[in-house]
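J.: Before we start, here is the structure in question, set down as C-alpha cells.
The values are calculated or read from the model by the stated rules, or taken from the named source; none is laboratory data. Model, not experiment: these values are computed from the prediction. A quick note on method: Cβ atoms are made from the backbone with ideal geometry, for glycine too, and the neighbour counts reach across all protein chains shown. Note: areas computed on protein heavy atoms with side chains; ligands, DNA, RNA excluded. Shrake-Rupley method; radii C 1.70, N 1.55, O 1.52, S 1.80 Å.
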Amino acid sequence: MSLSVVFAGTPDFARAALQALLDAGFAVPLVLTQPDRPAGRGLKLQASPVKQLAQARGIAVAQPRSLRLDGKYPEDAAAAQAALQAARADVMVVAAYGLILPQWVLDAMSAARPPEGAKAPSGGSATGEAVERGGNDVSAARPPEGAKAPSGGSATGEAVERGGNDVSAARPPEGAKAPSGGSATGEAVERGGMGLGCLNIHASLLPRWRGAAPIHRAIEAGDVETGVTIMQMDAGLDTGDMLAAQALPIDARATTASLHDALAALGARLIVQALRQPERWVRTPQPAAGVSYAAKIDKHEAAIDWTLPADVIERRVRAFDPFPGAHTALDGKVVKVWKSQIDSCSRPTDARCGQILSANDAGVAVACGRGVLRLTELQRAGGKRLPARDFLAGFALAPGQCFDAAGAAP
C-alpha cells in the first residue's frame, strides 16, 4: 500500500523530508509552503527549497499567507482549503512549515473521507455523512447507535469487530477488503482519504524544546543529545501524542548548521518508516515532566555579552551559526565570531570583560566573566569568514584592547 500525502514545509529541513517521501514512492498531490520571499543582495523574490523541489517534480503548490479563514487573508485560506479537499490525501506531513495550522486543517485531515461521488445507502452522497449511521467523525469513527461489541457491552468507545475508533484514523475491520480485492487496512479505498491526521517532524526529543528553535536552543543549553520526534499534531504547541522518536548525540563541536543537517536526514528516515506501517502506530502521550520551550531566535541575542562565562559564550557562538551569527564590536566596528574554543590559560584578575589578552595565529584570546575564550574564525563587516591568522592580517588587534561588553548591532 502507499499513502497519499499532503506535505507542508518550507526550508531545507523540510525539503529533505519531502525528497525522502518522493523517493519512497508516496504520492504527494499537494505541497503547502510559505510565499516567495525577497533574498540575496538584489532582494529578488525567491522560492522556498520545498517549492523548488515540488515544482521540479510537477507537484501542485499552494502558498497561502495564512490558513485562518477568519484572519487577515481569508481568500488565501479558502483557496488552500479547496486545494486540500481536492487532494483527498490520507495524511498531512508538516516539517518547519512556518504557519500555524488552525483547527479546520486538523479536522479536515483527521476525517476519513469516502471516494468522491460515493453514495450513502439512502442514495445521498456519503461525503460528510456517517455511512449506515456509523461515523466518519473528525476525532472518532462511531459505530451505529446501539451496536454491541463482541463482549456484549456497548460498542461506543470500542472497536466493533476490531474496526476502530482511533483518535485520528477510522480503520476498517482487520482483513476488510477494498473494492479492488486488496486489503483496505492502510489504504484509501478508491482514493477516498484515511483520515490519519497531521504528523509533525519535530527536531527534538519532546517534550524538551517545544517551539520554533529546538536545534539552536539544544546547543545553547549544552545538551549532550537531541533527536527527532514524529508527533500527531493537535491544537497545542507541539503537545500532541508521539508516534516515533530517535535520539542523536550532539557533538561538542556541533553548530546549528551541522546539527540541522543530521536531524533533517534523521527526520526524513523516521517519517518514511512511520508512513509505511500506519497500522502499527502507537500513540504515546508526552510526559508532563521535562517540558521546555525553544523560543524563536532574536537577532539581538547574537550580541556577545563578555560578562558571561566562556563556556556559555562558546555554546552561543555555535548555536547562532549560521543565523544570526554571534558578533561583537571594537571601536564601533562589528566583528562576527564563527568559531571559538575555551582557552586553558588563566584569566588575569585585573582583566576587563571583553579585553583582548593575546592576538596571534592561534586566535584572539578574550577575557570573559569567567575564563578565557579564544576566537579562531572571525569576519569583519562586508568581509569573508577567515581563520584568525588571515583575519588579523587585515584587521589588527592588540592585547589591551577591549570589545564592547554586549557587542553592537551588525
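J.: Conditions first: (1) in contact with a Phe, Trp or Tyr (Cβ under 7 Å, 6 or more places away or on another chain); (2) acidic (Asp, Glu); (3) open to solvent by 40 Å² or more (accessible area, probe 1.4 Å). Asp350 passes all but one, so which condition is the exception?
T.: So the condition that Asp350 fails would be (1).
J.: Could you please find all residues in the range 367-393 being open to solvent by less than 50 Å² (accessible area, probe 1.4 Å) and farther than 16 Å from Arg318 by Cα?
T.: The answer is Ala367, Cys368, Gly369, Gly371, Val372, Gly383, Ala388, Phe391, Leu392.
J.: How many residues are in contact with a helix residue (DSSP H, G or I) (Cβ under 9 Å, 6 or more places away or on another chain), part of a helix (DSSP H, G or I) and open to solvent by less than 30 Å² (accessible area, probe 1.4 Å) if we restrict to the range 237-269?
T.: 6
J.: When you scan the range 12-63, how many residues do you find that are open to solvent by less than 50 Å² (accessible area, probe 1.4 Å) and at pLDDT below 95?
T.: Adding up the residues that qualify gives 1.
J.: While we're looking at this one, here's another question. Scanning for something closer than 29 Å to Ser258 by Cβ and either of a type in the set (Phe, Trp, Tyr) or surrounded by fewer than 22 Cβ atoms within 10 Å (Cβ to Cβ) (or both), does the range 72-87 turn up at least one residue?
T.: no
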